[in-house]
Amino acid sequence: MECLMDEKDHEILQILQNGFPLVSEPYKAIGDKLWIDEHAVISRIVRLLQNGIIRYVGPFYNSRKLGYNGCLAAINAPEDRIDEIAAVINRFDEVTHNYLREGTPNMWFTLLTKSREQQEQIINTIKTETGIDEILIFTSKKFFKVKVDI
Amino acid sequence: MEYLDETTKKILKALQNDFKLERKPFKRIANELGLSEEDVISTISRCTDEGIIRRIGVAIKPQKAGFTSNALTAWKVPQEIIHEVGSELAEMKEVSHCYDRECPKGWDYNLFVMIHSQSKEELDEIIKNISSRFDLKEYKVFNTVRELKKTSMKYF
């Protein structure tokens, strides 16, 4: 894994994670710090995207400040119905993440909606379509961090 | 969203849907919207200060960055120390997500922490260290089996 990324890539990612330069030529500003030119910066980022080390470059918005309600939800899917239940849940654009995990409950997903009513509606639809009546809902009270450090 | 003016909304929308790896990303967005580059940059900068934009940056795949084992952990943390614990955990590079959450009846584990590490053994070690460092005895560990969905929200 390590060989997919060298020291310079690592430094570029650190700069990107800690503060994208808000200037006319941001990649030049990054390159100036690392003694490489802006084309090298851009082509390294393109390569990291192609390698799958990074999956997205762009803005991250604060969903709450844009009027969205976020919650984490969990359902316990029987072993032989995992794909079927995942398909019901993943169909919603409002479901942004879904992971199968060890333990009970075993399927954990996040939901971003414009209102509590919409959140309830989606949860109720999932309950009806899967026939599983227990879905745990954890609304966020305070967030301390959302970021992968490297 | 209602409190944002139309120009700000247009800029945020263009930034989300049309951010490209190019020499002058803000200039092109400005041209397309009929604004000046300075206006675009200053709006983005203001939205960052106001916390509407968390950051412009990259989404890293933890597995590819060398983190192969990860788990969602949930901790029973009293409200009196939640700020201290949450802030300190947020400083750890192994922690990607850390949220204090409202819990349903019968569930006592309010602090949700996503932890990444290079091996299962190291992961167990990190969890044990957190437990002893903050004297948190009650917690649950949900090791990741596989990703079923991961997308970015389209807000606009």
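Every number in this text was worked out from the coordinates using simple rules, so none of it is lab data. Keep in mind the model is a prediction, meaning the values are calculated, not measured. Backbone-built Cβ (ideal geometry, glycine too); neighbour counts: all protein chains shown.
Here is how the numbers come out for the structure above:
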item	result
Checking A:Asp32 against (1) within 28 Å of B:Thr48 (Cβ to Cβ); (2) of a type outside the set (A, V, I, L, M, F, W, C); (3) within 8 Å of another protein chain (Cβ to nearest Cβ), the condition it does not meet	(3)
Output for segment B:109-138, where each listed residue is in contact with a strand residue (DSSP E or B) (Cβ under 9 Å, 6 or more places away or on another chain) and among the charged types (D, E, K, R)	B:Lys120, B:Glu121, B:Glu122, B:Asp124, B:Glu125, B:Glu138
Some residue of segment A:54-62 being touching a helix residue (DSSP H, G or I) at 6+ places or on another chain (Cβ under 9 Å), of a type in the set (A, V, I, L, M, F, W, C), at the interface with chain B (Cβ under 8 Å from one of its Cβ atoms) and assigned to a loop (DSSP other than H, G, I, E, B)	no
Residues (in contact with a Lys or Arg (Cβ under 8 Å, 6 or more places away or on another chain) and either among the aliphatic types (A, V, I, L, M) or within 7 Å of chain B (Cβ to nearest Cβ) (or both)) located in segment A:93-103	A:Val95, A:Thr96, A:His97, A:Asn98, A:Tyr99, A:Leu100, A:Gly103
Pair list, Cβ < 6 Å and 6+ apart or interchain, from segment A:120-134 residues that are over 17 Å from A:Asn98 (Cα atoms) to residues that are basic (Lys, Arg)	A:Asp133/A:Lys127
Tally of residues being over 21 Å from A:Gln14 (Cβ atoms) and crowded, with 21+ Cβ neighbours inside 10 Å across segment B:62-71	1
Flag if A:Leu48 is touching a residue at least 24 places away in the same chain (Cβ under 8 Å), within 9 Å of chain B (Cβ to nearest Cβ) and in a helix (DSSP H, G or I)	yes
Residue tally, condition part of a helix (DSSP H, G or I) and buried (at least 16 other Cβ atoms within 10 Å of the Cβ), over segment A:76-89	5
Residue list for segment A:104-137, filter: at the interface with chain B (Cβ under 9 Å from one of its Cβ atoms) and either surrounded by 16 or more Cβ atoms within 10 Å (Cβ to Cβ) or among the hydrophobic types (A, V, I, L, M, F, W, C) (or both)	A:Pro105, A:Asn106, A:Met107, A:Trp108, A:Phe109, A:Leu112, A:Leu136, A:Ile137
